[in-house]
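**Student:** Sharing a structure here in structure tokens format.
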Amino acid sequence: MIGSPTLLVLGLLLLLLGYLILNWASARNLQDVAIGAAIGAGWTLLWKRQRPGIPKEVTARVDEVRAQGTHLGKAKVVSGYAVKHLIAQVMGIVGMLTMLVGAVFVGLGVFWR
């Protein structure tokens, strides 16, 4: 029934690889960290009926910047975050494209005769 098992397996592997790339990029994307912090704060307020604090992902990054003794050290840490954010943006696109190619291969693997 399956057209091409090789294409199907390759497509599934590409889908898995794309998911792992997106997961890695999401952890380093400052935008995703901020959105996750906002959702977590809303969740705490809604369900626990407590005033939300600053999430530890955000406080750890702020503490790392504050720990630097000079303004130059602080600028290096912040620029490092900016570079990681840029790389995460690019890798997010790569992950989405990898998943798209994987989905096409799965489709070809199922229907190709």
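The values are calculated or read from the model by the stated rules, or taken from the named source; none is laboratory data. The shown structure was predicted, so the numbers you read here are calculated from the model rather than taken from an experiment. Here the Cβ is made from the backbone with ideal geometry for all residues, glycine too, and neighbour counts use every protein chain on show.
**Student:** Do you know which of the residues in the stretch 81-93 that are touching a Leu at 6+ places or on another chain (Cβ under 9 Å) and of a type in the set (A, V, I, L, M) is surrounded by the most Cβ atoms within 10 Å (Cβ to Cβ)? Can you show your working first?
**Tutor:** Within the stretch 81-93, the subset touching a Leu at 6+ places or on another chain (Cβ under 9 Å) is 81-82, 84-85, 88, 91-92.
Narrowing further to those that are of a type in the set (A, V, I, L, M): 82, 88, 91.
Working: Ala82: 11, Ala88: 21, Met91: 18.
Once the filter is applied, the top-ranked residue is Ala88.
**Student:** While we're looking at this one, here's another question. For Ala67, only one of the following conditions fails: (1) modelled with pLDDT of 90 or more; (2) surrounded by 12 or more Cβ atoms within 10 Å (Cβ to Cβ); (3) of a type in the set (Gly, Ala, Ser). What is its number?
**Tutor:** In the conditions (1) modelled with pLDDT of 90 or more; (2) surrounded by 12 or more Cβ atoms within 10 Å (Cβ to Cβ); (3) of a type in the set (Gly, Ala, Ser), Ala67 misses (2) alone.
**Student:** Considering only residues that are hydrophobic (A, V, I, L, M, F, W, C) and either in contact with a Cys (Cβ under 6 Å, 6 or more places away or on another chain) or in a loop (DSSP other than H, G, I, E, B) (or both), look in the stretch 1-26 and name the one that is surrounded by the most Cβ atoms within 10 Å (Cβ to Cβ). Outline the logic, then answer.
**Tutor:** Of the residues in the stretch 1-26, the ones hydrophobic (A, V, I, L, M, F, W, C) are 1-2, 7-10, 12-17, 20-22, 24-25.
Checking the rest, the ones that are also either in contact with a Cys (Cβ under 6 Å, 6 or more places away or on another chain) or in a loop (DSSP other than H, G, I, E, B) (or both) come to 1-2.
On the way: Met1: 3, Ile2: 11.
Per the criteria, the residue is Ile2.
**Student:** Now for a separate question. Looking at the stretch 36-72 only, could you name the residues that are charged (D, E, K, R), over 18 Å from Ser26 (Cα atoms) and either free of Cβ contacts under 8 Å to residues at least 12 places away in the same chain or touching a strand residue (DSSP E or B) at 6+ places or on another chain (Cβ under 6 Å) (or both)?
**Tutor:** Residues of the stretch 36-72 that are charged (D, E, K, R), as a first pass: 48-49, 51, 56-57, 61, 63-64, 66.
Next, only the ones that are over 18 Å from Ser26 (Cα atoms) stay: 48-49, 51, 63-64, 66.
Listed by number, the residues that qualify are Lys48, Arg49, Arg51, Asp63, Arg66.
**Student:** When residues of the stretch 92-102 are filtered for being modelled with pLDDT under 95 and either among the hydrophobic types (A, V, I, L, M, F, W, C) or in contact with a Pro (Cβ under 6 Å, 6 or more places away or on another chain) (or both), how many remain? Let's see the steps before the verdict.
**Tutor:** Of the residues in the stretch 92-102, the ones modelled with pLDDT under 95 are 92.
When the remaining residues are screened for being either among the hydrophobic types (A, V, I, L, M, F, W, C) or in contact with a Pro (Cβ under 6 Å, 6 or more places away or on another chain) (or both), the result is none.
Final tally of qualifying residues: 0.
**Student:** Mind checking which pairs have a first residue in the stretch 102-113 that is in contact (Cβ under 8 Å) with a residue 12 or more places away in the chain and a second that is in a loop (DSSP other than H, G, I, E, B) and not polar (S, T, N, Q), Cβ under 7 Å, 6 or more apart or different chains?
**Tutor:** Short answer, once both residue conditions are applied: Gly109/Ile2; Gly109/Gly3; Val110/Ile2; Val110/Gly3; Phe111/Gly3; Trp112/Gly3; Arg113/Gly3.
**Student:** Here's something else I'd like to know. Taking the conditions exactly as written (surrounded by 15 or more Cβ atoms within 10 Å (Cβ to Cβ), among the polar types (S, T, N, Q) and part of a helix (DSSP H, G or I)), does Thr59 satisfy them or not?
**Tutor:** On the way: surrounded by 15 or more Cβ atoms within 10 Å (Cβ to Cβ): no; among the polar types (S, T, N, Q): yes; part of a helix (DSSP H, G or I): yes.
So Thr59 fails the test.
**Student:** Here's something else I'd like to know. One residue is enough: does the stretch 12-22 have a residue meeting the conditions in contact (Cβ under 8 Å) with a residue 60 or more places away in the chain, farther than 16 Å from Gly92 by Cβ and over 19 Å from the mean Cα position of the chain (by Cα)?
**Tutor:** For the stretch 12-22, residues in contact (Cβ under 8 Å) with a residue 60 or more places away in the chain, farther than 16 Å from Gly92 by Cβ and over 19 Å from the mean Cα position of the chain (by Cα): present.
**Student:** Have a look at Leu45, Leu15 and point out the one that is modelled with pLDDT of 85 or more and more than 24 Å from Val77 (Cβ to Cβ).
**Tutor:** Working: Leu45 fails: modelled with pLDDT of 85 or more.
When all the criteria are applied, what remains is Leu15.
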